[in-house]
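Structure, as structure tokens:
The values are calculated or read from the model by the stated rules, or taken from the named source; none is laboratory data. Note that the structure is predicted; figures quoted are calculated from it, not measured. Every residue, glycine as well, gets a Cβ built from its backbone with ideal geometry; the counts of neighbours run over all protein chains shown.
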Amino acid sequence: MEPSEQLKKITMAIQELPTLNVVALKVNRLLRSSTAGSGDLAKVIQLDQSITARLLSLVNSAAYGLRRKVSNVQEAVSFLGTNTVSQIVLGLGVLSTFSGKDNPRFSREKLWFHSLAVAVLARKIARVKKCHKQPEDVFTAGLLHDLGKVAVDHFCNESFELVLDELEQNPNQPFHEAEKKVYGLTHNTIGEWVARNWELPRRTIVAIKHHHQPPGSREGFHMSDDTVADLVMLADWIAVTKGLGYSGTKSIEPPTKESLSRLSITLEEAMVIADEAMKEIKEAALVLGIKAD
């Protein structure tokens, strides 16, 4: 089947996307509201016992360093703020929307662990280097950066299998190059479509769209120049290099000198920060029920 035909199938599948997890959908709307308060947010989150439990476990982990145990959603919002909690819940909601189906040739669990590692690493670098004002936005962007891969596997598996066939024949090529041969486009664009359809936060969409593009070639949004794309690109390279999960790619190009300069960091410094973040990554994986390997 020609790439144009595969593209048509994928486009039709994306148009039939299910609704985002109800709680995540409502939280996403609250994020865009200028009048919603912490009480409104807590009431929405408490509608989903599973997300509530995961949220409380996550905020009580070492990643947030709270001095005392948080026992309810309202406390979590009070300690961390509405934006931080909203970003966490939004990410959890997207994960739950794509739960329940796995591909024997492409482990969803390994992809989620890779994505979680990227999220934690990107946020850690943002905090340490103080190169982004919203580290939690960066976390969500990292967690969902490969959303396009999951969407095609989930809703248009026949097309996704052709990409896996291509990678088996040419195992050293990047995943997005194999996609171009099969679809004529990449998971970046497909993920952007899904994220737009669900009206996800703009920074998340920017990271999904641009995490394989160097600065200077990113366009399409007024936020396309946001360093979130550089952070996710760097964290993605670290996760692949260290073998944290599996995203379908054995190796990827490191960020450009310009991208690293925008973050005021070197690859060597980034690797030191990554080593410091390993405990946080494994603990977050345990909390979310994701096998860390």
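With modelled with pLDDT of 90 or more, under 16 Å from the mean Cα position of the chain (by Cα) and buried (at least 17 other Cβ atoms within 10 Å of the Cβ) as the only criterion, which of 138, 150, 163 stands out? Can you show your working first?
Working: 150 fails: modelled with pLDDT of 90 or more; 163 fails: under 16 Å from the mean Cα position of the chain (by Cα).
Checking each option against the conditions leaves just 138.
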Unique residue being out of contact with any strand residue (DSSP E or B) (no Cβ under 8 Å at 6 or more places or on another chain), assigned to a loop (DSSP other than H, G, I, E, B), of a type in the set (S, T, N, Q) and surrounded by 15 or more Cβ atoms within 10 Å (Cβ to Cβ) when the list is 251, 247, 217: 247
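Kindly evaluate residue 118 against the criterion of being over 20 Å from residue 292 (Cβ atoms), in contact (Cβ under 8 Å) with a residue 40 or more places away in the chain and buried (at least 19 other Cβ atoms within 10 Å of the Cβ).
Numbers: over 20 Å from residue 292 (Cβ atoms): no; in contact (Cβ under 8 Å) with a residue 40 or more places away in the chain: yes; buried (at least 19 other Cβ atoms within 10 Å of the Cβ): yes.
Criteria not met by residue 118.
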Among (1) crowded, with 17+ Cβ neighbours inside 10 Å; (2) not in a loop (DSSP other than H, G, I, E, B) - the single one residue 70 does not satisfy: (2)
If you take the residues of the stretch 242-293 that are in contact (Cβ under 8 Å) with a residue 24 or more places away in the chain and of a type in the set (S, T, N, Q), which of them is nearest to residue 127 (Cα to Cα)? 264
If residue 11 meets every condition in (1) among the polar types (S, T, N, Q); (2) at pLDDT 80 or above; (3) not in a loop (DSSP other than H, G, I, E, B) apart from one, which number is that one? (2)
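When the stretch 164-180 is examined, which residues are found to be in a helix (DSSP H, G or I) and under 21 Å from residue 210 (Cα atoms)?
So in the stretch 164-180, the residues in a helix (DSSP H, G or I) come out as 164-169, 175-180.
Result: 175, 176, 177, 178, 179, 180.
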Go through (1) among the hydrophobic types (A, V, I, L, M, F, W, C); (2) part of a loop (DSSP other than H, G, I, E, B); (3) at pLDDT below 90 and name the single condition residue 265 misses. (3)
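If we scan the stretch 136-159, do we find a residue that is in a helix (DSSP H, G or I) and without any contact (Cβ under 8 Å) to a residue 40 or more places away in the chain?
Step one: of the stretch 136-159, the residues in a helix (DSSP H, G or I) are 136-143, 147-155, 157-159.
Filter once more, keeping what is without any contact (Cβ under 8 Å) to a residue 40 or more places away in the chain: none.
No, there is no match, as no residue in the stretch 136-159 is in a helix (DSSP H, G or I) and without any contact (Cβ under 8 Å) to a residue 40 or more places away in the chain.
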Select from the stretch 81-96 the residues that are surrounded by fewer than 20 Cβ atoms within 10 Å (Cβ to Cβ) and not polar (S, T, N, Q) and list them in ascending order. 81
